[in-house]
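As structure tokens, the structure follows; a few thoughts come after it.
The values are calculated or read from the model by the stated rules, or taken from the named source; none is laboratory data. Note that the structure is predicted; figures quoted are calculated from it, not measured. Here the Cβ positions follow ideal geometry from the backbone for every residue, glycine too, while neighbour counts run over all protein chains shown. The area values use the complete protein model at the heavy-atom level, side chains included, leaving out ligands, DNA and RNA. Shrake-Rupley method; radii C 1.70, N 1.55, O 1.52, S 1.80 Å.
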Amino acid sequence: TFAVVDIYFVSKLGPSAVAAVGLTETYLFLIYSIAMGLSMAVTAIVARRIGEKKKEEAGGVAVQSILLAFLASIPFALAGIFYSKELMLLMGADEWVLQEGFHYTQWMLGGNLVIMLIFVINAIFRGAGDAAIAMRVLWISNTINIILDPMLIMGWGPFSAMGVEGAAIATNIGRGVGVLIQLYALFKGGKHIQIKIS
């Protein structure tokens, strides 16, 4: 949904802007694949610990999976921040994407930690039997993205027009708010799982 909304609003800027989003999404599929693989493993392990009535060990698994997601995001973040133009060139991007659209790639790959975390923390909740929290987080994140996209891309309201870069910022804000809600819920404690600072 994030990508569809971004492409819908970015399409108003022209085909090169859509190409910037589409080419970046190709790289993001690598991140989604890793995040989904981690998520399946996390769901299985957390569910097993919850089934064994080992709530504290389930919390330990949750913390380890969050740290693993953080570590997995670092190479993509570094590549996106420092080599986004080269990555776009490798995909055959046109001149506009290489001059303007690469900022979308910088934001999306540079901020890929929120993608990893939203996948992994939702997997923790699903494994613990709190799937409703996972769904609510995705609804909130997508709603924020849908609201912010036109504001930041086209400069509606108090915002100045940021173009394709605004789409990436809106998406990262939406996912970031979702991750903050997830972390709050994890520390507060859901029905079956809670993590502690210790």
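Taken together, the criteria place Ala35 among residues that are over 18 Å from Leu186 (Cα atoms), in a helix (DSSP H, G or I) and in contact (Cβ under 8 Å) with a residue 60 or more places away in the chain. Going through the range 65-101 one residue at a time, which ones are of a type in the set (A, V, I, L, M) and under 19 Å from the mean Cα position of the chain (by Cα)? If the condition is that a residue be of a type in the set (A, V, I, L, M) and under 19 Å from the mean Cα position of the chain (by Cα), then Ile66, Leu67, Leu68, Ala69, Leu71, Ala72, Ile74, Ala77, Leu78, Ala79, Ile81 are the ones that fit.
Could you run through the range 38-75 and say how many residues are open to solvent by 70 Å² or more (accessible area, probe 1.4 Å) and part of a helix (DSSP H, G or I)? Residues in the range 38-75 being open to solvent by 70 Å² or more (accessible area, probe 1.4 Å) and part of a helix (DSSP H, G or I): 12 in total. Close Cβ contacts (under 7 Å, 6 or more residues apart or on different chains) running from residues in the range 109-123 that are touching a residue at least 12 places away in the same chain (Cβ under 8 Å) to residues that are β-branched (Val, Ile, Thr) and crowded, with 24+ Cβ neighbours inside 10 Å comprise Val120/Val42; Ala123/Val42.
Of all the numbered requirements in (1) surrounded by 23 or more Cβ atoms within 10 Å (Cβ to Cβ); (2) on the phi > 0 side of the Ramachandran plot, Gly166 misses one, and that requirement is (2). Note on the range 102-143: among residues that are over 12 Å from the mean Cα position of the chain (by Cα) and outside any helix (DSSP H, G or I), the one that is surrounded by the most Cβ atoms within 10 Å (Cβ to Cβ) is Ala128. Looking at the range 144-190 only, could you name the residues that are more than 21 Å from Leu117 (Cβ to Cβ) and part of a loop (DSSP other than H, G, I, E, B)? Within the range 144-190, Gly155, Trp156, Gly157, Pro158, Phe159, Ser160, Ala161, Met162, Gly163 meet the criteria.
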